[in-house]
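A short worksheet on the structure shown next.
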């Protein structure tokens, strides 16, 4: 389903309840375009938001689901308080490990963020507030995402945390047409899941096929 605004009509609910998605944007959330990514980075840098810059960049590089982004620990990506070039995380949803790259600008953002925090080997990278929240919740992450996309002049209602998960994966697919590579990077068990996740259509498949001559 493409992203669009769907107005659900209440069809005689005896309790007068409205459908959960009445007036809301539903469907897959689109990825960010490179110009939007750089617009957000520029604004976060100007505002001196080190944590937000580190988290935004990490979410794009890692291509992790929100629940995995918020629960990453120092030992996972920076055991010596310096971000690694690659890391492996076991996904909460599938229990399967996924390995991802941490690019130069993301490592720089993470290291800048670590320098202002007194972190330990076992600490959460993105801690919550107080003992009740050991790390940021997915709800807090979602709220931050809404703030970030607003910085680029985008409508927050159209985007979600999966927009960041999908951003780099979509660019990789468009550049290479390599679904298997994207499948591995996203940690999908089946290639069909990757096809649905990226919204690959028949025209995409034909365009790839036309580029191969034997």
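A short reminder: the numbers here are calculations on the coordinates, not readings from a lab. None of these values were measured; they are calculated from a predicted model. Note that we place each Cβ from the backbone using ideal geometry, even for glycine, and neighbour counts take in every protein chain shown.
Ranked by the mean number of other Cβ atoms within 10 Å of their residues, highest first, the peptides 46-59, 186-199, 160-173 fall in the order 160-173, 46-59, 186-199. On full extension, the segment bounded by residue 180 and residue 211 gains 9.4 nm, given 0.36 nm per residue less the C-alpha separation. Mean projected area of the convex hull spanned by the Cα atoms of segment 31-160, taken over all viewing directions: 7.9 nm².
Residue ranges 77-86, 108-117 sort as 108-117, 77-86 when ordered by packing (mean number of other C-beta atoms within 10 Å per residue, highest first).
Remark on segment 112-194: Rg and Dmax equal 16.6, 45 Å (Cα only).
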